[in-house]
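Asker: I'd like to ask some things about the structure below.
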Amino acid sequence: MNEVLTIIARIEAKADKVDLVKAELLKLVPVTLKEAGCIQYDLHQDIDNAAVFWFVEQWQNAEHLKQHAQSAHIAAYRQATKGAISVSEICKVMKIS
């Protein structure tokens, strides 16, 4: 079955690393949008807490999401933000209406 996957990811930067994390997250957007299977990859910054970022993503299937997670640009992001993130949560959700 080929189901669209929706991902909501919450990333919270440490207070003194917000600018670094934001810059690294912004780098991910254009390259990820070119990935096979990427339908949507939108980055948001929380209005009430500037240290919190949200990704809303849609992928054609689980295999494309897996390839994204193993990509060179995600590895580079992880390396660049090592020690700069206090919370990273990924939720896989299913549209029901």
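Asker: Between a residue in the range 53-77 that is touching a residue at least 60 places away in the same chain (Cβ under 8 Å) and any residue that is surrounded by fewer than 15 Cβ atoms within 10 Å (Cβ to Cβ) and not in a helix (DSSP H, G or I), which pairs come within a Cβ distance under 7 Å, given they are 6 or more apart or on different chains?
Answerer: Listed pairs, sorted by first residue: none to list.
Asker: One residue is enough: does the range 36-59 have a residue meeting the conditions modelled with pLDDT of 95 or more and touching a Gly at 6+ places or on another chain (Cβ under 7 Å)?
Answerer: yes
Asker: Related question: Which of the residues belonging to the range 49-93 are out of contact with any strand residue (DSSP E or B) (no Cβ under 7 Å at 6 or more places or on another chain) and either farther than 19 Å from residue 34 by Cα or among the aromatic types (Phe, Trp, Tyr) (or both)?
Answerer: Within the range 49-93, 49, 50, 77, 78, 79, 80, 81, 82, 83 meet the criteria.
Asker: Could you look through the range 67-95, keep only residues that are of a type in the set (Lys, Arg) and exposed (fewer than 10 other Cβ atoms within 10 Å of the Cβ), and pick out the one that is farthest from residue 30 (Cα to Cα)?
Answerer: 95
The values are calculated or read from the model by the stated rules, or taken from the named source; none is laboratory data. Keep in mind it's a predicted model, so treat the numbers as computed, not measured. Here the Cβ is made from the backbone with ideal geometry for all residues, glycine too, and neighbour counts use every protein chain on show.
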